[in-house]
Amino acid sequence: MTSIYQTNAEALMFGTDLPSTRAKRPFEYGDVELIQQLFDEKAADQILYKNGCNWYFGK
């Protein structure tokens, strides 16, 4: 994830397939915590929220 973010910070966005009916492993809150641990608060906010909003709704 850090390599993707360093290459293009707008290319990394968080997503799930909730309710995880087809996933090999269902979503866990630890998935969010991992991003929060790997990135500072500004980058985590961008990955968890802003990049997805920009992708679907534009800047």
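The values are calculated or read from the model by the stated rules, or taken from the named source; none is laboratory data. These numbers were taken from a predicted model, which means no experiment stands behind them. Glycine gets a Cβ as well: all are built from the backbone with ideal geometry, and neighbour counts include every protein chain shown. To get the accessible areas, we keep the full protein, side chains included, count just its heavy atoms, and leave off ligands, DNA and RNA. Shrake-Rupley method; radii C 1.70, N 1.55, O 1.52, S 1.80 Å.
Quick notes on this structure:
- About its Cα centre, the chain has a charge dipole of approximately 240 debye under the convention of +1 per Lys or Arg Cβ and -1 per Asp or Glu Cβ, with nothing else charged.
- Label-point gap, in nm, between D45 and E10 - each point 7 angstrom along Cα→Cβ: 1.9 nm
- The relative contact order of the chain comes to 39 percent, based on Cα pairs under 8 Å that sit 6 or more residues apart.
- Partner aspartates and glutamates whose Cα lies under 19 Å from the Cα of K50, excluding those fewer than 8 positions away in the same chain, are identified as E10, D17, D31, E33, D40, E41.
- For the chain, the fraction of 1.4 Å probe accessible surface lying on carbon and sulfur atoms is 53 percent.
- For the chain, fraction of C-alpha pairs farther apart than 13 Å, in %: 63 percent
- Note on M1/F57: beta-carbon distance plugged into 1/(1 + (r/R0)^6) with R0 of 35 Å gives a FRET efficiency of 0.90.
- When peptides 15-27, 41-53 are sorted by average Cβ neighbour count within 10 Å, with the highest value leading, the order is 41-53, 15-27.
- Accessible area in square angstrom per residue, the chain, 1.4 angstrom probe: 81 Å²
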